[in-house]
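Structure first, then comments.
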Amino acid sequence: MQPYKYILLKPDYYSFITDAGTEYHCYFFTAEEIFSEYPALAKKAYAFNLSLKDNISFQKGLDKRIAATVTDILKIFLHQKENAVVYICDNSDSREKARFHKFYHWFKQFNDGSIVQLRGVIRAGNTNILNALLIHKDNP
Amino acid sequence: MSPLVKHKEFPRLKAIYFIEKAAKVKGPEKLLVALEKSKYISEALQNGLSFSDLKELGFKFATV
């Protein structure tokens, strides 16, 4: 399965266009506030988002190349072995469980074993936050 | 005659807002703040703000 060719718009985001013409943006942003009690870790912590360039509905059907592309970008980002990436499932539309499972299966299918994925559900207030922590297997 | 429609400008929150908010809570609550920040960035981009705009507000992005 070949990932889509993506463009790196340094230092902000990655972009790719699917066969159906949908443009996606992948970006990593600092998430130091999560680990503020652990300053050394906080400097290496990033959160990850995947979003559509234009606010249009997702294409119907399954395009596995999207999964291959996103996994590829994450692997490259985590190749810098000290980085850690947190994926927090958006719950605005109550579809966080679907995102949680989709992300897990994307990674299960396309991870070459170099990335460790730790999934969890954290209760905060009245909200269950579905999240995953991704690190390189050789992360010190 | 079409009525005038005034669009509200998307609020520009500084990154420090989320850092200070997270500093006031402990443990799992910090993840709630991170989720709020994630949603804010996503919505800001969908509502016309650019990565440059967000960087001016203090948000930091990374690529390799």
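The values are calculated or read from the model by the stated rules, or taken from the named source; none is laboratory data. None of these values were measured; they are calculated from a predicted model. For neighbour counting, all protein chains shown are included, and Cβ atoms are generated from backbone atoms with ideal geometry for every residue, glycine included.
Is it fair to say A:GLU37 is at the interface with chain B (Cβ under 9 Å from one of its Cβ atoms), under 20 Å from A:ALA132 (Cα atoms), surrounded by 18 or more Cβ atoms within 10 Å (Cβ to Cβ) and more than 12 Å from the chain's Cα centre (by Cα)? Even if it seems obvious, please write down each step before you answer.
Values: at the interface with chain B (Cβ under 9 Å from one of its Cβ atoms): yes; under 20 Å from A:ALA132 (Cα atoms): yes; surrounded by 18 or more Cβ atoms within 10 Å (Cβ to Cβ): no; more than 12 Å from the chain's Cα centre (by Cα): yes.
No, not satisfied.
Taking A:ASN49 as the residue in question, decide whether it is within 30 Å of B:LEU57 (Cβ to Cβ), out of contact with any His (no Cβ under 7 Å at 6 or more places or on another chain), surrounded by fewer than 20 Cβ atoms within 10 Å (Cβ to Cβ) and at pLDDT 90 or above.
Considered against the rule, which asks whether it is within 30 Å of B:LEU57 (Cβ to Cβ), out of contact with any His (no Cβ under 7 Å at 6 or more places or on another chain), surrounded by fewer than 20 Cβ atoms within 10 Å (Cβ to Cβ) and at pLDDT 90 or above, A:ASN49 comes out as yes.
For the range B:38-59, give me the residue count where each residue is at the interface with chain A (Cβ under 10 Å from one of its Cβ atoms), modelled with pLDDT under 95 and either in contact with a Ser or Thr (Cβ under 8 Å, 6 or more places away or on another chain) or outside any helix (DSSP H, G or I) (or both).
Going through the range B:38-59 one residue at a time, the tally reaches 6.
Can you name the number of the only condition in (1) touching a Leu at 6+ places or on another chain (Cβ under 8 Å); (2) within 7 Å of chain B (Cβ to nearest Cβ); (3) small (Gly, Ala, Ser) that A:SER15 fails?
(2)
Considering the range A:1-15 alone, what residues qualify as being among the aromatic types (Phe, Trp, Tyr) and assigned to a loop (DSSP other than H, G, I, E, B)?
A:TYR4
Taking the residues in the range A:68-98 that are charged (D, E, K, R) and within 13 Å of the chain's Cα centre (by Cα) as candidates, determine which candidate is surrounded by the most Cβ atoms within 10 Å (Cβ to Cβ).
A:ASP72
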